[in-house]
Amino acid sequence: MSLQYNSQFFSFRRTTIPKQLMEDLENNIDASNLELNDARVTGSTSPEEDMSAYLSDRRKCKMSVIENDDVMKFVFAQFNEVNPATDIWQFNLSYFENVQYLRYNGGDDHFDWHNDMMISDDKNDPMTRKLSMTLMLSHKEDYEGGEFEFASVRAGQLNTKEINLDYGDILIFPSLMEHRVKPVTGGVRNVLVSWVWGPLFK
């Protein structure tokens with residue numbers, strides 16, 4: 001038996017959605033009459049009685065939940081296609097979280113280093129986020145800055161990888177991968193994000 005490095009939690013899959021499908025997707029998003037609010041940072045250390053604690057310097061952008069069935073079906077189909085087709089993943093998945101629409105306005109909107117790992121509070125059947133997704137809705141010429149980056153530590157060394165996303169690009173990756181969106185210095189950067197959950201890793 002030969003051994004090789006396990007990149008199960010340090011790999012990502014990227015592809016581009018055809019233009020016609022993207023146009024159909026955007027038409028469905030526009031029909032959703034989105035109400036954008038300040039995006040928040042959730043976590044067990046944020047006191048529930050003080051909602052301002054959820055507004056963090058780590059994250060600055062606008063957010064709305066997508067409730068359009070066609071949009072949700074499209075996004076969830078991407079997870080269902082990529083996960084079983086990726087040999088080192090094939091994660092046991094249970095359910096999908098709502099799709100979010102994020103708008104990063106030029107000036108200083110950003111999301112600093114973080115991962116998406118969350119765990120449910122159901123002690124009988126605990127679940128965790130397993131895969132995350134970003135789908136770019138903006139063209140490169142629509143904004144400046146806002147680069148997407150991954151980070152990992154190997155052999156004590158910090159490694160970063162910048163992913164240049166353009167309109168229609170979709171990125172799916174394990175939720176525990178550290179990543180960030182650098183400050184958008186001009187224009188507007190719009191994306192869809194979502195997550196898929198499953199039983200705890202064993």
In nanometres, the difference between 0.36 nm per residue of separation and the alpha-carbon distance of Asp69 and Glu23 is 15.0 nm
Per the Cα gyration tensor, the stretch 150-196 corresponds to an equivalent ellipsoid with semi-axes, largest first in Å, of 23, 15, 9
Once the in-chain neighbours fewer than 8 apart are removed, the lysines whose Cα is under 23 Å from Lys60 read Lys140, Lys161, Lys182
By the C-alpha gyration tensor axes a ≥ b ≥ c (rounded if a/c is under 1.5, else prolate when a/b exceeds b/c, else oblate), the shape of the stretch 104-202 is prolate
Extension length gain for Asn80 and Glu178 (0.36 nm per residue less Cα distance), in nm, is 33.0 nm
For Ser32, the accessible surface traced by a 1.4 Å probe with all protein chains present amounts, in square angstrom to the nearest 10, to 40 Å²
The simple spin-label model distance between Glu97 and Lys161, using points 7 Å out along Cα→Cβ, in nm, is 2.2 nm
Only helices counted: for the chain, with every DSSP H run of 4 or more residues adding -39500 (n - 2.57) and the sum spread over all residues, [θ] at 222 nm is -4500 deg cm²/dmol
The correct ranking of Met127, Met1, Met136, Met117 by accessible area at 1.4 Å, largest first, is Met1, Met117, Met127, Met136
The whole-number value in µm²/s of the Stokes-Einstein translational diffusion coefficient for the chain, with Rh from the Kirkwood sum over alpha carbon pairs at 20 °C and 1.002 mPa s, is 119 µm²/s
With label points set 7 Å from each Cα along the Cα-to-Cβ direction at Leu200 and Tyr5, the distance between them in nm comes to 3.0 nm
Rounded to whole Å², per residue accessible area for the stretch 101-171 with a 1.4 Å probe reads 50 Å²
On the formula 1/(1 + (r/R0)^6), with r taken between the Cβ atoms of Val153 and Asp30 and R0 of 41 Å, the FRET efficiency rounded to 0.05 is 0.50
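The values are calculated or read from the model by the stated rules, or taken from the named source; none is laboratory data. Since the structure is predicted, the reported quantities are computational estimates derived from the model, not experimental observations. Cβ: placed from backbone, ideal geometry, glycine included. Neighbour counts: every protein chain shown. For accessibility, only protein heavy atoms count, side chains too; no ligands or nucleic acids. Shrake-Rupley method; radii C 1.70, N 1.55, O 1.52, S 1.80 Å.
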